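Enquirer: Could you have a look at this structure, given as structure tokens, before my questions?
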Amino acid sequence: MEEFLVSVFKMAVPLLLCSLGTLFSEKAGTVNIGLEGSMLTGALFGVLGSYWTGSPYIGALIAMTSCVVLSLVFAFFTVTIRANQIVMGVAINTIATGLTISLNRIFLTSASVVKVNGFKSIPIPFLNKIPVIGEVLFDQTVPAYFAYILVFLTWFVYSKTDLGLRIRAVGEYPAACDTVGINVARLRYSTLLYGGIMAGLAGAYISTGQLSAFSEGMISGRGFTAYAAVIFGNFTPLGVFRSCMIFAVGMGLQYRLQAMDTPVSYYFWMMLPYIITIVALCMYRKRSNAPKYSGIPYVKG
Amino acid sequence: MAILEMKHVSKYFGKVAANVDVNLSVEQGEVHALLGENGAGKSTLMNILYGLYEQSSGHIYLNGERLKLRNPKDAINKGIGMVHQHFMLVPTLTVIENVVLGMDSNHAILDLKKSAEEFAEMAKNYDMPIDPWAKVSSLSVGQQQRAEILKALYRKASILILDEPTAVLTPQEATALFDVIRRLTAEKLTIILISHKMNEIMAVCNRCTVLRQGRVVATMPVSEIQDASQLAELMVGQQVKLTMDKKPSTPGPCVLKVQNISYKDKHKVSRLNKVSFQIHAGEIVGICGVDGNGQSELVRCITGLIHPSEGQILLGAEDISKEHTSEILKKGVSHIPEDRHKMGMIMDMSINENLILMSFHQKPFSKNKLLNWKWIRSHNEDIVETYNVKTPDIYERAGNLSGGNQQKFVVGRELDRKPALLVAMHPARGLDIGATKFIQQRLLEESERGAAVLLVSTELDEIMELSDRIVVMNSGNVVGIVNQAEATRERLGLMMASEV
């Protein structure tokens, strides 16, 4: 049981980082399905950074920087040029797939998998001695602690601050924001860049934090799952937290059931998290908090 | 001395002139009306003053100081507030969230409680109480407007621009708004009121400036205005006949007979309750009532968009209550729908395409499933000319036209089919005098031609002037049917408000 919970929380960390990060840009009215590609890029640069410097933290910084560049491209085309956001998202994903394969083969190519320094667990004294939850919650890596704090921080910024109010308003009625002097484009740019930073960190956590290595296509849909968590969470921080945990349980379950010798095919268990995601999205039709101007570029005047 | 002056202001969009050499001077504490037809450049001028557009040439002076407005924030900081025709409130947020949204003085962590107290206090002082914690989407239109005005006042506006504020209000709400305006000017606020309704201008304004085709044609004190037709002439540029001469009708055979129809919506709420009336050829029957008392449902039942749960709708001798819309249209029914943008036209298509929406599958519009564009084009150019639609050509995107011109081509399309029954809902809503009179005249001509006309409107004057008989509706019931000669505003108003 304890082992299962540990794996659930490990699965939850990248989902939380990525979907809480993208919640703001979604709420501000942009649809970024390029998260998958951003996470993949982050995963590669996290490993590369750690490989070059020996420090997974510098690796994470490099991962975040790489994703800022990617988000800047996305934001320029969708906000400034007003290109179709879905098409741009697909483009980012395609670019990221090709880019990571090429760079991986250029820098990390060798017969065996290159192992790099990963994030080390930093147990919190005393708290980690609590039975069951001690190991689950308080014997984690820095990005994992950060992900938990981020739940609270995101909720606070979302509902208590001036910035949060602006973000909630912009996706709902950009023209109204314009008339009270809010720079719609600038706000969308910054939320997209922030989302990119978080996706980069999430990617780095998956590669350096979980496997200490990069393998091609290793994100395998988790970027899309993070995006689905925002929708399933009805665009609220706590809703996103809840749906990330549900998806993480699905992923944790997948590994447990694979390990257990069940008569059901191993491939079926591999499908499980995706099935849970799809079923959740189908059943959940309440979109009361979805921004009205989602995916629609804003034209002034 | 004038508090606000616009000197030689011009604005061009590409080659199109929206404002040409406009001079406007507004005194402190006055209500200054900005008058003109749709497309005369009133809204453009005010958007320049609010920093949404930048003028192509000319200057703006506030208290003698030259203003450079790059965006609305600059205007707000100078004490200029604007209440747009389409409210700029985020419906999912509360009133107080909307009020403080985007203000420079906000702290990073919001103290909404304190703001709400200040706001409620201010609202009380202006006699405009409102719950700061109410969600905007739960407010009535009148309350939303109040929130908009208070939002501007909370930002310390000393000049308030109101863009067609009564267009969306009921008569009672409009009266309440005028009280608010008087109250504000008593507090030394200056108000610029955009309008094309003359009775409003007479009621609250001190001076008025009339715009026509982007230019100022006159500025004068309201006290010097002799009558409505003088203003109308200034706005339109030629004499406008404000009264219709309706000839006494000679009703022919019964065209539409609505018998005891009832309708319940998907929430099982009764929307229509045993409604009966009939329309004869050559007759106009008006349906009057406060918006939302079953008029929409009635029109939808007649045009086949929904089906009544009981009762019959006889077109001639045929029951059409279960028929599909396309069948009903084929039987000679034309429909000018209530919402021009959502039901009357496809904004992103050209006028040419919009004009054949109802008939493209018929000869001679198409042959062997192929559209006969050559014929369609000349046919549509005729319609555009006959119905006086102002457009560069018929390939213009329909959404680019002004409301009046959009409505004209919708009317043109529907009348071109020579209907036996014409169903017109709010045909002149939001239109200026010129377009309104034009469309009303067409309705009269249709009835003289022998069509049966069903006219649904919330404007009592329009109903009383055009209808032979008036059906008064209240909460889905027919309260009574009045002949034109016996109809007075008071009588209809009492019936509209009566308990059922």
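Enquirer: When B:Met244 is evaluated against the numbered criteria (1) without any contact (Cβ under 8 Å) to a residue 24 or more places away in the chain; (2) in contact with a helix residue (DSSP H, G or I) (Cβ under 6 Å, 6 or more places away or on another chain); (3) not aromatic (Phe, Trp, Tyr), which criterion, by number, is the only one it fails?
Expert: Looking at each condition in turn, B:Met244 falls short on (1).
Enquirer: Filter the stretch A:135-146 down to the residues that are crowded, with 18+ Cβ neighbours inside 10 Å and in contact with a strand residue (DSSP E or B) (Cβ under 9 Å, 6 or more places away or on another chain) and list them by number.
Expert: A:Glu135, A:Phe138, A:Gln140, A:Thr141
Enquirer: Criterion first (in a helix (DSSP H, G or I) and in contact (Cβ under 8 Å) with a residue 40 or more places away in the chain) does A:Leu61 satisfy it?
Expert: Judged against the criteria, A:Leu61 is not a match.
Enquirer: Separate question: Among the residues of the stretch B:115-130, are any of a type outside the set (Gly, Ala, Ser), free of Cβ contacts under 8 Å to residues at least 40 places away in the same chain, facing chain A (nearest Cβ under 9 Å) and not in a helix (DSSP H, G or I)?
Expert: The first filter runs over the stretch B:115-130 and keeps only residues of a type outside the set (Gly, Ala, Ser), leaving B:117-119, B:121-122, B:124-130.
If we keep only those that are free of Cβ contacts under 8 Å to residues at least 40 places away in the same chain too, we end up with B:117-119, B:121-122, B:124-125, B:129-130.
This time we only want the ones that are facing chain A (nearest Cβ under 9 Å), so: none.
No, there is no match, as no residue in the stretch B:115-130 is of a type outside the set (Gly, Ala, Ser), free of Cβ contacts under 8 Å to residues at least 40 places away in the same chain, facing chain A (nearest Cβ under 9 Å) and not in a helix (DSSP H, G or I).
Enquirer: Which one is most open to solvent (accessible area, probe 1.4 Å), of the residues in the stretch B:395-425 that are within 21 Å of B:Gly36 (Cα to Cα) and part of a loop (DSSP other than H, G, I, E, B)?
Expert: Checked the stretch B:395-425; the qualifying residue most open to solvent (accessible area, probe 1.4 Å) is B:Ser402.
Enquirer: Counting only residues that are more than 9 Å from chain A (Cβ to nearest Cβ) and assigned to a loop (DSSP other than H, G, I, E, B), which one in the stretch B:63-103 is nearest to the chain's Cα centre (by Cα)?
Expert: Among them, the one singled out is B:Gln85.
Enquirer: Considering only the stretch A:129-201, give the helices (runs of 4 or more DSSP H) lying wholly within it that have at least 1 residues that are more than 9 Å from every other protein chain (Cβ to nearest Cβ) and without any contact (Cβ under 8 Å) to a residue 12 or more places away in the chain.
Expert: It comes to A:133-138, A:142-160.
Enquirer: Please tell me if B:Leu315 is open to solvent by less than 60 Å² (accessible area, probe 1.4 Å) and within 28 Å of the chain's Cα centre (by Cα).
Expert: No, not satisfied.
Enquirer: Collect the residues in the stretch B:203-233 that are within 22 Å of the chain's Cα centre (by Cα) and open to solvent by less than 40 Å² (accessible area, probe 1.4 Å), keeping them in residue-number order.
Expert: Within the stretch B:203-233, B:Val204, B:Cys205, B:Cys208, B:Thr209, B:Val210, B:Leu211, B:Gly214, B:Ala228, B:Leu231, B:Ala232 meet the criteria.
Enquirer: Quick one: count up the residues across the stretch B:327-377 that are more than 15 Å from B:Val299 (Cα to Cα) and either polar (S, T, N, Q) or not assigned by TED's automatic domain parsing to the domain that holds B:Leu401 (or both).
Expert: Quick first cut of the stretch B:327-377, residues more than 15 Å from B:Val299 (Cα to Cα) only: B:327, B:330-332, B:341-342, B:345-377.
So of that shortlist, the ones also either polar (S, T, N, Q) or not assigned by TED's automatic domain parsing to the domain that holds B:Leu401 (or both) come out as B:350, B:352, B:354, B:359, B:362, B:366, B:368, B:372.
Residues flagged as more than 15 Å from B:Val299 (Cα to Cα) and either polar (S, T, N, Q) or not assigned by TED's automatic domain parsing to the domain that holds B:Leu401 (or both) within the stretch B:327-377 amount to 8.
Enquirer: Can I ask one more? Of A:Arg186, A:Arg256, A:Arg287, A:Arg242, which residue is surrounded by fewer than 19 Cβ atoms within 10 Å (Cβ to Cβ), modelled with pLDDT of 95 or more, at negative phi and not aromatic (Phe, Trp, Tyr)?
Expert: Just one listed residue meets the conditions, A:Arg186.
Enquirer: Could you tell me whether A:Tyr293 is within 14 Å of chain B (Cβ to nearest Cβ), out of contact with any Ser or Thr (no Cβ under 9 Å at 6 or more places or on another chain) and within 18 Å of A:Val230 (Cα to Cα)?
Expert: yes
Enquirer: Additional query: Filter the stretch B:33-57 down to the residues that are open to solvent by 20 Å² or more (accessible area, probe 1.4 Å) and either of a type outside the set (D, E, K, R) or over 22 Å from B:Ser402 (Cα atoms) (or both) and list them by number.
Expert: B:Asn38, B:Gly39, B:Ser43, B:Thr44, B:Asn47, B:Leu52, B:Tyr53, B:Gln55, B:Ser56, B:Ser57
Enquirer: With the checklist (1) open to solvent by 30 Å² or more (accessible area, probe 1.4 Å); (2) more than 27 Å from A:Met64 (Cα to Cα); (3) free of Cβ contacts under 8 Å to residues at least 40 places away in the same chain in hand, flag the one item A:Leu272 doesn't pass.
Expert: Going through (1) open to solvent by 30 Å² or more (accessible area, probe 1.4 Å); (2) more than 27 Å from A:Met64 (Cα to Cα); (3) free of Cβ contacts under 8 Å to residues at least 40 places away in the same chain one by one, A:Leu272 breaks only (1).
Enquirer: Can you tell me which of (1) in contact with a strand residue (DSSP E or B) (Cβ under 6 Å, 6 or more places away or on another chain); (2) open to solvent by 20 Å² or more (accessible area, probe 1.4 Å) is the one B:Ser296 doesn't meet?
Expert: Checking B:Ser296 against (1) in contact with a strand residue (DSSP E or B) (Cβ under 6 Å, 6 or more places away or on another chain); (2) open to solvent by 20 Å² or more (accessible area, probe 1.4 Å), the one that fails is (1).
Enquirer: Kindly evaluate B:Ser43 against the criterion of being closer than 26 Å to B:Leu431 by Cα and of a type in the set (Gly, Ala, Ser).
Expert: It is true that B:Ser43 is closer than 26 Å to B:Leu431 by Cα and of a type in the set (Gly, Ala, Ser).
Enquirer: Please pick out the residue among B:Ile109, B:Ile161 that is without any contact (Cβ under 8 Å) to a residue 12 or more places away in the chain and β-branched (Val, Ile, Thr).
Expert: B:Ile109
Enquirer: Okay, moving on. So, in the stretch A:25-58, of the ones that are among the polar types (S, T, N, Q) and assigned to a loop (DSSP other than H, G, I, E, B), which residue ends up nearest to A:Ala185 (Cα to Cα)?
Expert: Top of the filtered list is A:Thr30.
The values are calculated or read from the model by the stated rules, or taken from the named source; none is laboratory data. Computed from a prediction, not measured in an experiment: that's the story for all the values here. For neighbour counting, all protein chains shown are included, and Cβ atoms are generated from backbone atoms with ideal geometry for every residue, glycine included. Surface areas here come from the heavy atoms of the whole protein model, side chains and all, with no ligands, DNA or RNA. Shrake-Rupley method; radii C 1.70, N 1.55, O 1.52, S 1.80 Å.
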